[in-house]
Amino acid sequence: MVLRKPIQQLFLIYKEWSVMNRKAVSQDESTGHIRENPREVHEDAIMRAWVEAQTADTSEHADEWIDWKGIERHVLRLQRQLAHAVEHNNRKAVRHYKWLIRTSHHTRLLAIRHVTQENRGRHTPGVDGRTYATPEKRRELSGLVNLQSRLLPVRRVYIVKKNGKLRPLGIPTTHDRVCQAIHKAAMEPEWDIQFAPNTYGFRPQRSTWDAMSQVFANLCKSGSAPWVIEGDIRGYFDNVDHAKLLAKLAPEDRVYVRRMLKAPVLDPEEGLQASTRGTPQGGLVSPLIAVIALQGMEKDLRQKAFQMKFGSSRANPGINIVSYADDFIVTCKTKEQAEQFVPVIAQWLADNVGVELSLEKTHITNVNDGFDFLGFHVRKYKGQLLIKPAKDSKLAVLRKIKSILDANKSAKQSMVIRLLNPIIRGWGNYYSTQVSKKVFAYCDHRINQMLWRWAKRRHPKKSAKWLYQRYFARIGSRNWVFSDGTFTLATMTDVRIIRHIKIQGRRSPHRPSDHEYFEARRQQLLLKRLNGFQKKVVRKTNGRCALCGCNISAEHFRRWQVNGDNDILFARMIPERLGGHNTIENVVVTHRWCYEKYRSINDYDTLPDNPERYLSGQESIVNGQVVWHEKRSEGQRRQQNCRMA
């Protein structure tokens, strides 16, 4: 992208002030005079230049010239320097780099972009009702962000859990979420270096797939510990002790976290309430805080196992712990050891976190009988360990599909397809790393039965042949495909089973020496689940957004595949109506917000007025409209239309 004049002036000012600061240092060394902090003067100049550049352009594209790639690199460089200081136990440097990250204008811009454009909760307001959805509003927000300001009350909302109970969420204001994102950028590198290797929840570059890969590694061998403690913490997020949590934090972080924890809660029924325990679910820094509270559990419990002389030798105590946030399992060699170790776990949680282990829901299970963890069922069959979708998860997705069909009895077939496809693809992709083919086939069979009953209910007097010709088709070797001739319902059996490559335990994306490892891993994970055309498009930009130049993370692609998020698009740079074609040269991979800005800058029709059909293999919702990604050939469409006629 071509940079406009204001950003060029900004870089010149940056360079001039750098030279002046270096000269000032040498003058001070020779004269001994005390001068102003050069970085504060430098940051003030950057801030003034940025504000002038922003106010010079009041159009709706005022932020189009921001060099996001350079900003992202600058913040990442500071985070890696912070991680390096943590590894070498240089507390003075740690405090310095945290201060640099918190006060850097680059961090502020990234935080605003993440909260108001990238985050899935960007449209959810706090108690002030503001979301800052336009460039002008985001520019206004950048001048309002103040890390020292008093936090507004957290708006409490309730969501329904899988068991039917209500889970309270605390929604901070957009301003407070930006402040939390800045604090998270300063705290995460320090803690990610220190976390135990088998702690996977809410950590960068780690997922439930990595946790399940570690479970497989712990239990797959013939001599592996056969007994498993399924830990269940009673109301973990609501009962974390504030004093015990704050004691684990560095002094420079404690004041910010205490302010966040003590922010009052505005309940829709009970009014304003004080917060005395727990971490508010809904904030950006809350997941990190929740994992910090459990820091040290794996190390301390292993030491307890040595003291209790579990295992045949000190090198093999038989205790292995895998945790994902508040969900964890502990492997033991005998049932007696497991029964002795449960009180040890309960005591550690009470002493170090202030929470209670639910003894009623904590089970001791033999791996031959099987257990559920993170939505997967783990069990050994005749000595072979298999991990597949849990029964409860399978029934839940089928119930969800049934409820959608029941609520759309008179809807068009295309609407039903667009409602079901994200659910089918997302659920299938989540379980695509384990042994799931039989479960996928069963789910497809049940879904087809539901669709047949849905069609039969719409036309009770029509014959089976007529219903088949009206709602189903034969595509290739597949029969009974739910299709209207243009759009086709996805099936779970189409999802490829690909074994996930587990992250190496001690690796951290913030450690400078691990940069090459994570870059190679990112490229590998990006290309792993794409088709041939998509791989060529991604390779063309080396896995970066074609418009802003920032890395497209593997997590972005994972959420796109599993949750159906529309943050990633395979889009035409030149629309089809202007002569653009589906070629490698014209199709690019880009962020949704970048592509929306690109279209508006080039005076193209907005996406809702002229929805494009991309090549990503699924649908997306853009500005409230469905954007169809899957495109069938013209011959297939004509053939299907003839059959329907």
Discussion item. Less than 15 Å Cβ to Cβ from residue 377, Lys/Arg counted +1 and Asp/Glu -1: what total charge do the surrounding residues give?
Written reply: +2
Discussion item. Counting other beta carbons within 10 Å of each residue's own, what order do 131, 334 fall into, fewest first?
Written reply: 334, 131
Fill in: Across 161/409; 456/528; 165/461; 361/394; 528/597, pairs whose alpha-carbon gap is larger than 32 Å
456/528; 165/461
Worksheet entry | Estimated vicinal HN-Hα couplings, Hz - the stretch 131-144 in sequence order (Karplus 6.51, -1.76, 1.60; Gly, Pro = x) | 10, 6, 8, 10, x, 5, 5, 5, 5, 4, 5, 4, x, 9
Worksheet item: Applying 1/(1 + (r/R0)^6) with R0 = 25 Å to the Cβ-Cβ distance of residue 299 and residue 232, what FRET efficiency is obtained, to the nearest 0.05?
Response: 0.70
Worksheet item: Gain in length, residue 517 to residue 535, computed as 0.36 nm per residue apart minus the alpha-carbon separation, to one decimal in nm?
Response: 4.5 nm
Worksheet, complete the sentence: The set of residues whose placed amide H lies less than 5 Å from the amide H of residue 356, leaving out same-chain residues fewer than 5 positions away, is 234
Worksheet entry | Space enclosed by the convex hull of the alpha-carbon atoms of the stretch 390-494, per residue, Å³ | 99 Å³
Worksheet item: Which ³J(HN,Hα) values, rounded to whole Hz and listed in residue order, are derived for the stretch 438-443 from phi using the Karplus coefficients 6.51, -1.76 and 1.60 in 6.51 cos²θ - 1.76 cosθ + 1.60 with θ = phi - 60°, glycine and proline given as x?
Response: 5, 5, 4, 5, 4, 5
Worksheet item: How about the stretch 281-386: which trypsin sites (Lys or Arg not before Pro) there lie in a loop by DSSP and see at most 13 other Cβ atoms within 10 Å?
Response: 309, 314, 361, 382
Response to the item:
In this structure, the FRET efficiency calculated for residue 399 and residue 461 from their beta-carbon separation, with R0 = 30 Å, to the nearest 0.05, is 0.55
Worksheet item: So how do 410, 286, 358, 393 line up by other beta-carbon neighbours within 10 Å, fewest first?
Response: 410, 358, 393, 286
Response to the item:
Extend 7 Å from the Cα of residue 130 along its Cα-to-C-beta direction; within the stretch 245-265, residues with backbone N under 19 Å of that point are 264
Practice prompt. Take 351, 327 and order them by how many other Cβ atoms sit within 10 Å, fewest up front.
Written response: 351, 327
Worksheet item: Over the stretch 247-362, what relative contact order in percent results from Cα pairs under 8 Å that are six or more residues apart?
Response: 14 percent
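We did not get these values from a lab; they are worked out from the coordinates using the rules stated. These figures come from a predicted structure and were not determined experimentally. Backbone-built Cβ (ideal geometry, glycine too); neighbour counts: all protein chains shown.
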